[in-house]
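Structure record follows, encoded as structure tokens.
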Amino acid sequence: MQTRSSRRQQPHSTKPWVKWLWLVITVALFSAGAYGLRLYSQAKYAIDSTYSGLKTQKVSTDISNKKPFAALLLGVDTGALGRTYKGNSDTMIVAVVNPQKHTTKLISIPRDTVAQLIGTKSFNMQKINAAYNVGGSDMAINTVSKLVNVPIKYYLTINMGGLEKVVDDVGGVDVNVPFSYYDSHSNNKHFVKGKMHLNGEWALAYARMRHEDPQGDYGRQKRQQQVIKAILKKAVSFSSLSHFTKLLDTVSSNIQTNLTFSDMQSIFLNYRSAAKNVSTGTLQGQSAGVYSSLYDTYLDYQIPSTDAMQKVSDELRAALGLKSETINNENVKENAANSGFSWTSTADQTYTIYNPDL
């Protein structure tokens, strides 16, 4: 007679190497999570330290609500070539980002554009790049906003040293050089017509040059827009938020903005598609001499016609999803007072600024 064995089959014991494998995976996941948290905390701390709110405007929630927004990009002539003073904003670009239309509009404002500085105690009309030097980002943003009649709620100021780091952090940028030249202000760097890949040092030189450009400052504005478009193209290719926050951490010592860390995260997560369709333009002005009592001589200015301001205003407002409005600022009044000024002549002209307080 056969009897059943009373011994139950024992489960197979887990092999030692399997236990070690799970241990290694667990440690790796924990380390990656800890590293990610540390990176996030470092970036948040760094970006929070760059925050500087506008004294003349309430905190905007447009970005957190995923709405179209306008920002003023200010490039100041500090942080490079040994410069440490506050400086003027020699680069001024109004950027309109629209997540619904998936578009970004960049309009450059020439640094020599005549404009009334908004926020001074008395009437002050001079080159628009002085607004930042006189009254900081508040005055710059309010002056540009009044000039083109567009509600600008955000700003980002970056010094030229910061631009080098941004370009290097995204792995360099590809640009299409419009003509060959040697840059006498950067140890005769040789730029060759056609496609070039630039690191941070070369991109800075490319964006700053204007003396060798037959279009002068207008040519420089086009090259600056090229560099910005190339940076945006690289930035939106980042596959993870951690890569983006690492970039922000690196350049944080070179920027000042009223964008919060949360705003920047929202831009990365919700506005990236807008950076794939970037259009550019410039507020065109007419060259003229404007008398300066400070220097007792005529200085070179760019005078935008009322039609040119209206055109730019219409473009920016349309990009924001706003209706067109008739431009009405001090420039319009000054243009009307200078009734004999020609908007098409290439001959030397002078332009008179009339102080309404006199």
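Overview of values
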| quantity | calculated |
| --- | --- |
| Cross-link reach list, lysines versus K189, counting only Cα pairs under 21 Å and skipping chain neighbours closer than eight places | K165, K222 |
| Net charge of Cβ neighbours under 9 Å - reference A203; Lys, Arg +1; Asp, Glu -1 | -3 |
| Signed unit charges on C-beta, dipole axis of the range 48-284, positive-most listed residue Q256, V144, V134 | V144 |
| Charge tally in the Cβ shell below 11 Å around T113, where Lys, Arg are +1 and Asp, Glu are -1, T113 excluded | 0 |
| The range 48-284, accessible area per residue, ligands and nucleic acids excluded (1.4 Å, Å²) | 43 |
| Segment Y295-K67, length gained on full extension (0.36 nm per residue, minus Cα span) | 77.5 nm |
| Cα-only radius of gyration and Dmax that characterise the range 48-284, units Å | 17.1, 50 |
| Inter-centroid distance (Cα atoms) of the range 140-206 relative to the range 269-342, Å | 21 |
| Per-peptide average of other Cβ atoms within 10 Å, ordering 126-138, 224-236, 289-301, 321-333 highest first | 126-138, 224-236, 321-333, 289-301 |
| Lysines with Cα under 18 Å of K67, excluding same-chain neighbours fewer than 8 positions away | K58, K101, K105, K153, K276, K323 |
| Order by protection proxy (mean Cβ within 10 Å, highest first), peptides 303-309, 177-183 | 303-309, 177-183 |
| Residue-count net charge about N149 - beta-carbon cut-off 10 Å; Lys, Arg +1, Asp, Glu -1 | 0 |
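The values are calculated or read from the model by the stated rules, or taken from the named source; none is laboratory data. In this text, all values refer to a predicted model and were calculated from it rather than measured experimentally. Positions of Cβ are generated from backbone atoms using ideal geometry, with glycine treated the same way; all protein chains shown enter the neighbour counts. The area values use the complete protein model at the heavy-atom level, side chains included, leaving out ligands, DNA and RNA. Shrake-Rupley method; radii C 1.70, N 1.55, O 1.52, S 1.80 Å.
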